[in-house]
Amino acid sequence: SSALKERLAQLIPQEQENVKQARLEHGKKSFGPVVVDQLYGGMRGLPALIWEGSVLDADEGIRFRGKTIPECQALLPKAPGGSEPLPEALFWLLLTGEIPTQEQATDLSKDWAARAAIPEFVEEILDRCPPTLHPMSQFSLAVTALNHNSAFAQAYQNGISKKEYWGPTFEDSMDLIAKLPNIAGRIYRNVFGKGKLPAIDPAKDYSANLATLLGFGENDAFVELLRLYITIHSDHEGGNVSAHTGKLVGSALSDPFLAFAASLNGLAGPLHGLANQEVLLWLNKMQETIGRDASDDAVKEYVWATLKGGKVVPGYGHAVLRKTDPRYTAQREFALKHLPDDPLFKLVGQIYEIVPNILLEAGKAKNPWPNVDAHSGALLTHYGLTEMQFYTVLFGVSRAFGVVAQLIWDRALGAPLERPKSYSTEAIKKIFAGK
Ligand code: CMX
């Protein structure tokens, strides 16, 4: 393509200059102290990465290129008749910082539909996976295998100059996003026995096609949900496990397929993206244990039993956020509009009234409020996508948007190999002996 690539080619020299200026002006300034606890404590709050697409505020939540979720919902182009943003438009925003026109968003839909086919050998890999292999493992396998046709890996072998890295990175990134619906759809149909995968429709937008591949293409509300879902799950600044992993692996000049497959392996952990599956398992078990329409007291007891069993309440807490996640709120508003009487939505709402107080009383979690994963499964379940083992795959499809946007900028701005310094406990003791 593409209008997007042309726009990027215009923006890159400006941004290279911008970064140069920022480094000249601020490069030698201290960014606050580092304390030893941060080395032991998962690097919380350590300023360590550049991430252009989004910044997370502890109280306010995520902003994509400076725009909140409600602002994105208001400003980004939508599908005809739709009211949620097109993820195509969000991708344009993440990459360029600019709101695309309707036509530019539509061009991306067409471009991605044209790139959507996956190699036959990748189809075979997926078809050979036992249905007992977790969908996220299958997803990661397939994305790793796409590296077979990487434009970047090929260009690197052909001796491409550093200055040109971003071009094939862009092409791989576009291919990657475009191919994810066919991978996700194939996994869903294989694992859950949902029949043959239909073809992509080049006239439809990305979310409509993804919905069709999953078997929900006729349901306009589900398609709208996917548009919102992909938008809000796309990016959450750079330090979370999936984003940081992608950036780290990409810094070794592993191509976008290898880098994003690594992201997926991180997203597949229960403290990160797998939490959306865990929430549904937890809710189902709650209903089995205390019945449907349980009283607040019964729910409280169940939550306390979870904590006393040494387990986390999935969907609650966050490493950065200290208020209700606006991604949770956006989904709650979608539910209030489209499915206000859904019983699972009501349970999610009941839990929202109960869990924060219990987590505060328990006194450990720094953030007692719900995150994105507390809500998403209830919405998918409402429309009939009840297979919770698949939920993190949808998170993964979405997260590709944010990870590859940064990979493109990292290669355009010459981001170096990541290599922070580590210390042994012995070394820490020596360094601070007598201090
Ligand atoms: N339930 C029970 N205990 C919790 C808790 C929760 N939801 N959230 C935090 N805690 C506990 C921690 O396990 C930790 O306990 P220990 O001191 O015994 O280790 C203590 O409170 C302090 O943790 P924290 O500083 O508040 O939280 P972290 O930054 O370490 O971890 C997160 C953040 C998200 C991993 C954690 O809140 C959690 O495990 N939540 C449940 C899983 C979840 O919903 N993950 C999805 C996050 C969003 C996403 O990435 O998709």
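Coordinate-derived values only; no laboratory data. Quantities reported herein were computed from a predicted structural model and do not represent experimental measurements. Reconstructed Cβ throughout: ideal geometry from the backbone, glycine too, with neighbour counts over all protein chains shown.
Values for this structure:
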quantity: 16 Å reach of a label modelled at Glu71, 7 Å along Cα-to-Cβ, counting backbone N of the range 95-136; calculated: 95-100
quantity: Extended-chain gain in nm, criterion 0.36 nm per residue less alpha-carbon gap, Ala298 and Asp57; calculated: 83.3 nm
quantity: Charged-residue dipole, Cβ positions (Lys, Arg, Asp, Glu), the range 1-106 about Cα centre, Debye nearest 20; calculated: 320 debye
quantity: Options Tyr188, Leu281, Gly45, ranked by Cα towards positive dipole end of the chain, top entry (Cβ charges); calculated: Gly45
quantity: At R0 = 41 Å, FRET efficiency that the Cβ-Cβ distance of Gln21 and Lys364 yields, to 0.05; calculated: 0.40
quantity: Calculated diffusion of the chain, Stokes-Einstein form, Kirkwood radius summed over Cα pairs, 4 °C and 1.567 mPa s, µm²/s; calculated: 57 µm²/s
quantity: At q = 0.10, 0.15, 0.23 Å⁻¹, base-10 log of I(q)/I(0) for the range 156-254 (Debye sum, equal scatterers on each alpha carbon); calculated: -0.40, -0.80, -1.19
quantity: Within straight-line cross-link reach of Lys346, aspartates and glutamates at Cα separation under 15 Å, skipping those fewer than 8 residues along the same chain; calculated: Asp293, Asp296, Glu333
quantity: Cross-link reach list, lysines versus Lys78, counting only Cα pairs under 24 Å and skipping chain neighbours closer than eight places; calculated: Lys5, Lys67, Lys110, Lys179, Lys204, Lys337
quantity: The range 255-304: radius of gyration and largest Cα-Cα distance (Dmax), Å; calculated: 16.5, 52
quantity: Projected label distance in nm at Asn149 and Glu98, using a 7 Å step from Cα toward the beta-carbon; calculated: 3.0 nm
quantity: Under 13 Å from Lys323, Cα to Cα: aspartates and glutamates that are on another chain or at least 8 residues apart; calculated: Asp57, Asp59, Glu60
quantity: Neighbour cut-off at most 15 other Cβ (10 Å), DSSP loop, trypsin sites (Lys or Arg not before Pro), the range 330-397; calculated: Lys364, Lys366
quantity: Net length gained if the chain between Glu120 and Leu271 were fully extended (0.36 nm per residue, minus Cα distance); calculated: 51.0 nm
quantity: Value of D in µm² per second that Stokes-Einstein yields for the range 101-165, Kirkwood Rh from Cα pairs, at 4 °C (1.567 mPa s); calculated: 89 µm²/s
quantity: Linear extension gain, Leu336 paired with Ala221, 0.36 nm per residue minus alpha-carbon span; calculated: 40.1 nm
quantity: Size of charge dipole - the range 288-384 - debye, nearest 20, with Cβ of Lys, Arg +1 and Asp, Glu -1, no other charges; calculated: 460 debye
quantity: Lys, Arg +1 and Asp, Glu -1 on Cβ, resulting dipole of the chain about Cα centre, debye, nearest 20; calculated: 1440 debye
quantity: Coarse-grained scattering of the range 259-353 at q = 0.24 Å⁻¹, given as base-10 log I(q)/I(0) from a Debye sum over alpha-carbon atoms; calculated: -1.41
quantity: Spin-label pair Ala199/Leu417, simplified geometry with 7 Å Cα→Cβ offset, distance in nm; calculated: 4.7 nm
quantity: Helical mean residue ellipticity (222 nm; -39500 (n - 2.57) per DSSP H run of 4+; nearest 500) of the chain; calculated: -19000 deg cm²/dmol
